[in-house]
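We did not get these values from a lab; they are worked out from the coordinates using the rules stated. Note that this is a predicted model, so its numbers are computed, not measured. Neighbour counts run over all protein chains shown; Cβ positions are idealised from the backbone, glycine included.
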């Protein structure tokens, strides 16, 4: 629905929610969620590409007769300075098929992977660097 009244209600509800969150101090002022949102514009296409690549990899593993999986759990470093950045990093890991964030602590994320080969990208730190850019580092 694109009627002016409905659009006005949508904008008003977003502003009310933002005001309530700022009064409750739910988000630390150092995290600047609006800036992170704007910096996500180049990050989202990269993440979508990672999801597509992971989907293809998982599908290949499932369709192969011997099903070459080697489930493993690894702790990877996370250099994010804010809680919001750490959550974005952990959720990005979980969104890519074949990997799952199990536990999140400041400075590290415990990850379950379907195969050890899928961990190479995570351990390389590319996702970590990109999420740090979201934070403005």
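Quick notes
- Semi-axes of the equivalent ellipsoid for the chain, Cα gyration tensor, largest first, Å: 34, 20, 12
- Counting only DSSP H runs of at least 4 residues, each contributing -39500 (n - 2.57), and dividing by the residue count of the chain, the helix-based mean residue ellipticity at 222 nm comes to -19500 deg cm²/dmol.
- Whole-number percent relative contact order across the chain, with pairs defined as alpha carbons under 8 Å at least 6 apart: 25
- Helix 33-63 axis, angle to the chain major axis (alpha carbon atoms, nearest 10°): 30
- Subtracting the Cα-Cα distance of residue 103 and residue 17 from 0.36 nm times their residue separation leaves 28.1 nm of extension gain.
- Here the calculated FRET efficiency for residue 49 and residue 116, from their Cβ-Cβ distance with R0 = 30 Å, stands at 0.85, rounded to the nearest 0.05.
- Given their separation in residues at 0.36 nm each and the Cα-Cα distance between them, residue 74 and residue 41 gain 8.9 nm when the chain is fully extended.
- Going from the residue with the fewest nearby Cβ atoms within 10 Å to the one with the most, 131, 58 rank 58, 131.
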